[in-house]
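The values are calculated or read from the model by the stated rules, or taken from the named source; none is laboratory data. Every value quoted in this text rests on a predicted model; they were computed, and no experiment measured them. So basically every Cβ, Gly included, is an ideal-geometry build from the backbone, and we count neighbours across all protein chains shown. With ligands, DNA and RNA removed, areas are computed over all heavy atoms of the protein, side chains included. Shrake-Rupley method; radii C 1.70, N 1.55, O 1.52, S 1.80 Å.
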Amino acid sequence: MPKHESLYDLMLVLSLKAEEDRRAKIVADTESQIATGGGTVERNDDWRTRTLAYEIDHQQEGEYHLLQFTGPPSLLEALSHNLRIDDGVVRFRIIKVVPGTPPPPDAAPPVATPATVAAES
């Protein structure tokens, strides 16, 4: 029976308190850990700085990244552990992509500002 690796979405929210070089290193280290853990990064989208839905650790904005990767289930625990202990990571979520899930967007979703919200009302 062929070995089938699952497809996962990893949403990273990085702290703007961390230097830009540090944030780039977090993303690069995450990609490296996926590769060394037996996975492959299929997609890496930089959604840039966005306002958080609510304040986290006295921060109102974060730098968003969406990584789509394949890999064995054993990779998830090590990846989660390293992201959890990194102070530059505000939040992260790993979601298994199941059949029937729509593909990720081609571009980052638009940023909602008070002006655009008022115009839509």
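Some observations on this one:
- For the chain, the relative contact order works out to 39 percent when only alpha carbon pairs closer than 8 Å and six or more residues apart are counted.
- If you sort Thr51, Thr101 by accessible surface, 1.4 Å probe, largest first, the order is Thr51, Thr101.
- Of all accessible heavy-atom area on the chain, the percent that carbon and sulfur account for (1.4 Å): 55
- Residue-averaged [θ]222 nm for the chain, counting only DSSP H segments that reach four residues, each worth -39500 (n - 2.57): -9000 deg cm²/dmol
- Förster radius 30 Å - calculated FRET efficiency between Asp106 and His58 (Cβ-Cβ, nearest 0.05): 0.35
- Loop-located trypsin sites (Lys or Arg not before Pro) in region 15-117 (DSSP state not H, G, I, E or B) with no more than 15 neighbouring Cβ atoms inside 10 Å: Lys17.
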